[in-house]
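Below: the structure, in structure tokens.
The values are calculated or read from the model by the stated rules, or taken from the named source; none is laboratory data. What you see is a predicted model, and the numbers here were worked out from it, not measured in a lab. Cβ coordinates were reconstructed from backbone atoms using ideal geometry, including for glycine residues, and neighbour counts include every protein chain displayed.
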Amino acid sequence: MIKFYFQIKGMTCNSCVTHIKETLEAIEGINRADVSYANASADVDTNFNVSATDIISAIEALGYTIQERRSQKARYASDNIATQESSESLHVAIIGSGSAAFACAIKAAEGGARVTVIEGADVIGGCCVNVGCVPSKILIRAAQLAEQQRNNPFKGLKNHSPQLNRALLTQQQTVRVEELRAAKYQNILDSNPALSLVKGHARFKNTSTLIVSKSAGDEQKIVTDRILIATGSTPTIPRIDGLADTPYWTSTEALFAEETPEHLIVIGSSVVALEIAQAYSRLGAEVTVLARHTLLYAEDPLLGEKLTTSFEKEGIRVLDHAQANSVAYDGQHFTLETNAGIFQGDHLLISTGRHANTSQLNLEVIGVKTGRNGAIIVNDRMETTVPNIYAAGDCSNMPQLVYVAAAAGSRAGINMTGGDAKLDLSTIPAVIFTDPQVATVGLTEKQAKAQGINIDSRVLDMENVPRALANFDTDGFIKLVVEAETGRLIGAQILAHEGGEIIQSAVLAIRNRMTVTDLADQLFPYLTMVEGLKLCAQTFNKDVKELSCCAG
């Protein structure tokens, strides 16, 4: 049992005492409520299913104000809620229901908190499972199999045109998305009694109170001890004359379309744009990519250069330094006027980045600081600039990667319930699921030099990797960047078939401060693609063309 003491402002007579007492004792889990007009107070005995915030909400709903409260373990001012409160009565509210949100909810519940998840969308689960990672990888895999039927490198296998039914592919994709959403999100809600879901759009009233606007038009006030903002991000649409008046696609429409365009024009040059562009090309569309700079311009230049070559081999047209000045749509075709000429296509994909979903939260009322594109500024404990307010995932100033979001949410949940967990972002792998795949970790040459590091590097073309030769698929390379004085590995950039399966070995090597000599001395299985890391490490000291097999 937990005992609470509340100092109440606003009682004017003994009738107020009766009103408050009857209201509190009607709450299931409250065993006793002694209310005093003379002392302007309430002593409340509860079981572990009722938190202080439940009691505050009930009292404030009657029109009174809590000035102060105490529990058996600590004392709190009303604007600095529960920094030491016993975990059994702690209430955590989470705005959003994606990977960061659920990782936090699970950890907070494990820490003894009662958790309210608030979601304004029609379905829970956030971007990754619903309109991001999961459906995109299904589409990419289907497109890859179609391309392998159309073009394979083996003389003994006859190529043929795949029989494509895009509507059926989309149906299968949707079913798998729904299965994973049920398994990884809804089932967790249903099976964990500490978690509850409130549907609606949340905004801050103050640092401990959220107002949730429901679809029916009513509002619900939620008073809580800790709040995690995990509202994700939204595609950023560039300002191009005429664009807003056209039925352009974002990634969501592109992923779930039931027909393949004849000619898809893509504005964008990074992860989502390139994955979808290649998938549609392999499903039979003519594809033109308009890159404002070059492909993957923020990465090592060699990645964009070699990926452009691979795309063009497949028939994907890539135009560097191409900027659309206007867009028109006549009911059937888009017409784009650009500095590279006029282009027409029956569908247009806009994939020029994403921005944080924070504009409707009323953050200015509580003083949470934001940075570029509305992203909430957090430290390595996921704390914002306001005590007891946390943020994680794409709405924060951390890499927009789902596994980063989940790790951040998990640590936020630990810290909300009295722990001290930090998120180390010094070694983050990233994969772009084109073919060949782009996989990176650590520093590029440019980034290392900007930090004043004296570097050395090597590039190994995939034609030197026996497994790539056996696959008759030698597009790409492996590049390793090292600290020159020590030989310590500090970065890896990979463009290779299944490059995403190679990168984690480089992550572990960097994380454990291995040198290229350490890496070169490791035993790697033969024939595997990851053996390319060993071979590239060996090039710092020898010519791998002079080695026998197995990279000995």
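What the table shows:
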item	result
The listed residue being buried (at least 19 other Cβ atoms within 10 Å of the Cβ) and more than 30 Å from GLY315 (Cα to Cα), out of ALA439, ALA408, ALA421	ALA408
Total residues in the stretch 534-543, condition farther than 17 Å from ALA470 by Cα and either in contact (Cβ under 8 Å) with a residue 40 or more places away in the chain or of a type in the set (Val, Ile, Thr) (or both)	4
All positions within the stretch 496-525 that are hydrophobic (A, V, I, L, M, F, W, C) and in contact (Cβ under 8 Å) with a residue 60 or more places away in the chain	ALA496, ILE502, ILE503, ALA506, VAL507, ILE510
In the stretch 2-46, the residues that are in a loop (DSSP other than H, G, I, E, B), within 16 Å of TYR64 (Cα to Cα) and either in contact with a strand residue (DSSP E or B) (Cβ under 6 Å, 6 or more places away or on another chain) or aliphatic (A, V, I, L, M) (or both)	GLY10, MET11, ALA38, ALA40
Condition broken by GLN332, with the remaining ones in (1) free of Cβ contacts under 8 Å to residues at least 60 places away in the same chain; (2) in a helix (DSSP H, G or I) satisfied	(2)
Counted residues, the stretch 94-139 - those being within 30 Å of LEU164 (Cβ to Cβ) and in a strand (DSSP E or B)	0
In the stretch 1-19, residue surrounded by the fewest Cβ atoms within 10 Å (Cβ to Cβ) [restricted to those that are in contact (Cβ under 8 Å) with a residue 40 or more places away in the chain and farther than 19 Å from ASN47 by Cα]	LYS9
Matching entry among THR252, THR224, THR288 (being touching a Lys or Arg at 6+ places or on another chain (Cβ under 6 Å), among the polar types (S, T, N, Q) and not assigned by TED's automatic domain parsing to the domain that holds GLU60)	THR288
Residue within the stretch 310-318 that is touching a Gly at 6+ places or on another chain (Cβ under 9 Å) and charged (D, E, K, R) present	no
Lone unmet requirement of (1) closer than 27 Å to GLU253 by Cβ; (2) assigned to a loop (DSSP other than H, G, I, E, B); (3) in contact with a helix residue (DSSP H, G or I) (Cβ under 8 Å, 6 or more places away or on another chain) for PRO399	(3)
Residue in the stretch 205-217 that is surrounded by fewer than 15 Cβ atoms within 10 Å (Cβ to Cβ), touching a Gly at 6+ places or on another chain (Cβ under 8 Å) and of a type in the set (Ser, Thr, Tyr) present	yes
Top-ranked residue in the stretch 166-203 [being on the phi < 0 side of the Ramachandran plot and in a loop (DSSP other than H, G, I, E, B); ranked as surrounded by the fewest Cβ atoms within 10 Å (Cβ to Cβ)]	PRO193
Residue within the stretch 225-236 that is out of contact with any Pro (no Cβ under 7 Å at 6 or more places or on another chain), surrounded by 15 or more Cβ atoms within 10 Å (Cβ to Cβ) and closer than 25 Å to GLU258 by Cβ present	yes
Residue, farthest from VAL438 (Cα to Cα), within the stretch 498-509, restricted to residues that are among the aliphatic types (A, V, I, L, M) and buried (at least 21 other Cβ atoms within 10 Å of the Cβ)	ALA509
Some residue of the stretch 110-123 being surrounded by fewer than 21 Cβ atoms within 10 Å (Cβ to Cβ) and on the phi > 0 side of the Ramachandran plot	yes
Filtered residues of the stretch 367-396 (kept if of a type in the set (Gly, Ala, Ser) and part of a loop (DSSP other than H, G, I, E, B))	GLY367, GLY371, ALA375, ALA392
Count of residues meeting criterion [closer than 13 Å to VAL123 by Cβ and either assigned by TED's automatic domain parsing to the domain that holds THR65 or of a type outside the set (A, V, I, L, M, F, W, C) (or both)] in the stretch 180-217	5
Residue in the stretch 239-246 that is surrounded by fewer than 20 Cβ atoms within 10 Å (Cβ to Cβ) and under 21 Å from ILE56 (Cβ atoms) present	no
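Rundown of residues vs (1) under 26 Å from HIS201 (Cα atoms); (2) of a type outside the set (Asp, Glu); (3) modelled with pLDDT of 80 or more, yes/no style:
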residue	(1), (2), (3)
ASP34	no, no, yes
THR65	yes, yes, yes
SER97	yes, yes, yes
GLY111	no, yes, yes
VAL115	yes, yes, yes
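Here is a yes/no grid of residues against (1) within 24 Å of the chain's Cα centre (by Cα); (2) free of Cβ contacts under 8 Å to residues at least 40 places away in the same chain; (3) in a loop (DSSP other than H, G, I, E, B):
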{"residue": "ALA244", "(1), (2), (3)": "no, yes, no"}
{"residue": "LEU255", "(1), (2), (3)": "yes, no, no"}
{"residue": "PRO261", "(1), (2), (3)": "no, no, yes"}
{"residue": "ILE265", "(1), (2), (3)": "no, no, no"}
{"residue": "SER269", "(1), (2), (3)": "yes, yes, yes"}
{"residue": "ALA273", "(1), (2), (3)": "yes, no, no"}
{"residue": "TYR280", "(1), (2), (3)": "yes, no, no"}
{"residue": "GLY284", "(1), (2), (3)": "no, no, yes"}
